[in-house]
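Asks: Below: one structure in structure tokens.
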Amino acid sequence: MFHKIVAFVALAALLGLVSVRPGEARVLDLNDVLNKTVCPIKVEIDINEHRVPRKIKMLKCAEEQREWCQLAHLQHECCRHSLSGHVMQCVEVHDTVLVFDKIKNEMVTQEVPVGCSCIVVKSTETYSLKTSPPR
């Protein structure tokens, strides 16, 4: 009887661990992202004959507003606004990639824009709590 209880508890614990496992990340095609993102993105191909890889795709923040922002008569990108004391703004996200420079005949790093994201650039000052929150 004891081994049945232990087996049941072990099975319940295993099922509990499986149920809290993080879900799969949602995957979208680049064209879908370009059409649905709050911050407009422009895609450029950087070509350098003296580098491997010769072509690198760059995703930069676009200057133009979204069509639906213009239809709503918003002056800036939909992201650039204040919300509950937070100032939101589209910023270009960069990453460093390793490439081979044929002229120097060595591996070098290159900074590449990889997207445009809406982030909090400024928020109101927080205040100190006199007591800790209730438990």
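Every read-out reported here was derived from the displayed coordinates using simple, explicitly stated rules and does not represent laboratory data. Computed from a prediction, not measured in an experiment: that's the story for all the values here. Neighbour counts run over all protein chains shown; Cβ positions are idealised from the backbone, glycine included.
Asks: Cβ under 11 Å from Lys102's Cβ, Lys102 left aside: what net charge do those residues give with Lys, Arg +1 and Asp, Glu -1?
Replies: Every neighbour counted, the sum reads 0.
Asks: Next up: Work through the residues other than Val112 whose Cβ is under 13 Å from its Cβ and net out their charges, Lys, Arg +1 and Asp, Glu -1.
Replies: Result for the neighbourhood of Val112: -1.
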